[in-house]
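Comments concern the structure below.
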Amino acid sequence: MAAFLQQVVSGLAQGAIFASLALALVLIYRSTDVLNFAQGEMATFTTFVAWSLMNQGLSYWPAFALTLVIAFVGGAAVERIIIRPVEHRPEIVIVIVTIGLLIALNGLTGWIWGAEVKAFDSPFPNETTEVAGVVISYQDLGVLCVCLATVLVLWAFFRFTTLGLVMRAVANSQDASRLMGVRVGWMLALGWGLAASLGAVAGMMAAPTAFLDPNLMLVILIYSFAAAVLGGIDSPVGAVVGGLTLGVLINVLGTYVDFIGGELRLPAALTVLLLVLLVRPQGLFGHRVVRRV
Amino acid sequence: MSWRTLLRKSIAPALFVFAVVVVALLPRFMGEFRLLQFTLVAIYVIALLGLNILTGYSGQISLGHGAFVGVGAYVAALLSLGRPGLELYMLDPPDWIPIGDGMRPVFTIPIAALVTGFVGFIIGIPALRLGGISLALATLAIAVSFPILMKRFAEVTGGGGGLNLNLPETPFGWDISTRHWLYYEAWAIAGILFVAAWVMVRGRLGRAWRSIRDGEVAAVSSGVNPALYETLAFGVSSFYAGVAGALLVIEVSFVNPDTFPVSLSILLLASAVIGGLGALSGVIFGALVLEFLPVYAQKPPLLPFDFSTQAPSVVFGAGLILIMILLPGGFAGLLRMLAGVFNGAVRRLIEGGRQVPVSSTRRNG
């Protein structure tokens, strides 16, 4: 039982990273109806920025904070410069633009920092603690806390501030918001900025255990997509629940089903996802899209 | 039919004949290495035709086309090795694989195509129920899972080491090298499949696909069954991918999981877009870009220095974004635009400067 709970806890830590990135995807999806395929590469890029900052002698948390700011500005800039010109074009066009961004950023990261794996410091002690017979590493605990704290801060922002309210209004109806005098374009840019910061958190939390290379977030992005779709692509709560569930699921499946083992986790997780979606296409918490003719 | 319509109608066949002549004469001016590169271009043309049918005509994004090429490649490799070939690899093929003594490579192509088409059709049934975004995710997942699965089931696929084949010999006692034979074989098949795709997208099938792409509700009300036609598009595009995979494995006589990374799938989509979605003429350009851009972006001609090995990705990505913003029709769209300008200029010249509205030569298809 203790061994099982241990897998659950490390699954939760893994899942918290998926949840952060999934939330970033949902954030953008809700406001712009775009699934941002470049979200993972944006996160990788900012994680490398954090690595460079720390290499310049900055200690962890200042570098962390500075990276969030850089990510925010970068994300907003991406929306203004790259997404805006195709804003009103068909969905497929915008998706392809984000795929272009994925390819370009992946190449750029490799170009600037090289393809070799880099060690990324962790702010948490490399020790374990025992709670009721379950061994928990501080690393897992720290990752879980940071990710959940970020999610909470974000929730409070959307729930209690005027700016958050305005952004929710934009996600709800751009036309109505524009008529109310909201500068919709800037709100969208703000959303992209927040999503990029969220992605940066995920990247910096993933890097110490997954090691830092230009493909750091590729697999994590797919899990996060899966988490977002599982939770319902338009539901922030769903993204978090989906992420945590998926994290636990792959850890438990990988440990206890021999056939799956370490290698087949990804295909197994996606099969589960596919089955859920066939029964409930809108995901666990999502809204069914009603089409009127 | 006025002579002008006649002229316009004959442009496409004329261009096709021109392309055939160029392809036939090209080997005279090339060494073995260039020949190999241009054979790969033919293979990419086939893969991109399939992807264009799926994404360009039926409007569904596939980020997993590379995996379907991989399925075709593995099927062809297994068929041409046969059971004795696998045992030579110290592999123990399970009994359910009915592979005998190995086939001539060229005969593996149609079987690989049919198997891949069937696999695509089957995967398409649940995947298409998801629609739009989930489909992109599902295909991306397939692309990521494919190399993992090939490594995992090593008793059939040879695992990470992959499978080696022998280069086939030129048949019929023809007096050309194997590379030349493979070049003509690949381009002949590419040509046939190009015409087949052209026939498909011009006819009933293409109309149904485009109607779903441009408005599903309207399509349904006109009696088009979206699920059927979308799955069919998936099957057809996988069939094309299977042919490409089989030809690839014959040409490079080697297959392993890392031949089909996720980036292959993504770059295939990028090239399809650069060539032009929803227009077959751009496919050749897309294939040329896919083959030669990685080489020339790294070692730019005329410039005295090399770029990083990552430069091709940056150029590909930036190019993709710029094309989507500035030129959504891709290369084919550019051609069409130029043709329109040319047409208008000729008309003005003929009609002696009278104000004539320039008729749009844009056609949906």
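Points worth noting:
- Hydrodynamic radius by Kirkwood, which averages 1/r over all alpha carbon pairs of segment B:96-240, in angstrom: 18.4 Å
- Long-range amide H partners of residue B:254 with built H, under 5 Å: B:165
- Once exposed loop trypsin sites (Lys or Arg not before Pro) are cut out (DSSP; at most 14 other Cβ, 10 Å), longest piece of chain A: A:1-182
- Cα-projected label distance for residue B:155 with residue B:20, points at 7 Å along beta-carbon direction, nm: 5.0 nm
- Given chain B, longest segment not containing exposed loop trypsin sites (Lys or Arg not before Pro) (DSSP; at most 14 other Cβ within 10 Å): B:1-353
- FRET efficiency, residue B:176 to residue B:221 (Cβ-Cβ, R0 60 Å, nearest 0.05): 0.60
- The fraction of all Cα pairs in segment A:137-247 landing in successive 5 Å bins from 0 to the largest distance is 2, 10, 17, 22, 19, 13, 9, 5, 2, 1, 0, given as whole percents.
- Neighbouring partner chain Cβ atoms per residue of A:84-97, average, 10 Å criterion: 5
- Residues A:187, A:217, A:180, ranked from the fewest to the most other C-beta atoms within 10 Å, line up as A:180, A:187, A:217.
- Neighbours of residue A:189, meaning other residues whose beta-carbon lies under 14 angstrom from its beta-carbon, give a summed charge of +1 when Lys and Arg score +1 and Asp and Glu score -1.
- Long hydrophobic helices in chain A: the complete DSSP H runs spanning 27 Å or more by Cα along their own axis with mean Kyte-Doolittle hydropathy of at least -1.0 are A:2-32, A:91-113, A:138-160, A:184-210, A:236-256.
- Positive end of the dipole of segment A:95-226 (Cβ unit charges, origin at the Cα centre): among A:153, A:176, A:194, the Cα lying farthest that way belongs to A:176.
- Residue exposure sequence - B:337, B:103 - by fewest surrounding Cβ within 10 Å: B:337, B:103
- Couplings for segment B:272-289, taken from phi via the Karplus curve 6.51 cos²θ - 1.76 cosθ + 1.60 with θ = phi - 60°, read 4, 5, 5, x, x, 6, x, 8, 6, 5, x, 4, 5, 4, x, 5, 4, 4 Hz in order; Gly and Pro are left as x.
- Annotation: amide H of residue A:212 within the under-5 Å range of A:118, A:120, sequence separation 5 or more or interchain, hydrogens built in the peptide plane.
- Rg/Rh for segment B:225-301 stands at 1.03; both radii use Cα atoms, and Rh follows the Kirkwood definition.
- As a proxy for reagent exposure, ranking B:116, B:39 by other Cβ atoms within 10 Å from fewest up yields B:39, B:116.
- Sparsely packed loop sites in segment A:178-268 (the chymotrypsin sites (Phe, Trp or Tyr not before Pro) outside DSSP H, G, I, E and B with at most 11 other Cβ atoms within 10 Å) comprise A:259.
- Between 0 and 90°, nearest 10: helix B:32-51 axis offset from chain B longest Cα axis: 70 degrees
- Point-charge dipole on Cβ atoms (K/R +1, D/E -1) for chain A, about Cα centre, debye to 20: 1140 debye
- GNM result for chain B, Cα springs below 10 Å: residue of B:317, B:282, B:162 fluctuating most strongly: B:317
- Ignoring the sites themselves, chain B has its longest run without chymotrypsin sites (Phe, Trp or Tyr not before Pro) in a DSSP loop having at most 14 other Cβ atoms within 10 Å at B:175-304.
- Charges were assigned to the Cβ only: +1 to each Lys and Arg, -1 to each Asp and Glu. The resulting dipole of the protein assembly as shown about its Cα centre is roughly 3040 debye.
- The residue list B:248, B:14, B:2 was ranked by how far each Cα lies along the charge dipole of chain B toward its positive end, using unit charges on Cβ atoms, and B:2 comes out on top.
- Spin-label zone in segment B:12-29 - amide nitrogen under 19 Å from a point set 7 Å from the Cα of residue B:347 along the C-beta vector: B:12
- Normalised alpha carbon radius of gyration of segment B:181-254 [divisor 2.2 N^0.38 Å]: 1.40
- Highest-MSF residue in chain B out of B:166, B:256, B:52 [GNM, Cα springs under 10 Å]: B:166
- Tail weight of P(r) past 25 Å, computed on alpha-carbon pairs of segment A:54-152, percent: 46 percent
- Overall form of the protein assembly as shown per C-alpha gyration tensor (a/c, 1.5; a/b vs b/c): oblate
- Cut-off 15 Å between beta-carbons: net charge of the residues surrounding residue A:166, Lys and Arg +1, Asp and Glu -1: +4
Here, each number is a calculation from the coordinates, and none is a lab measurement. A quick note: this is a predicted structure, and the numbers were derived from the prediction, not measured. Neighbour counts are summed over all protein chains in view; Cβ atoms, including those assigned to glycine, are modelled from backbone coordinates with ideal geometry.
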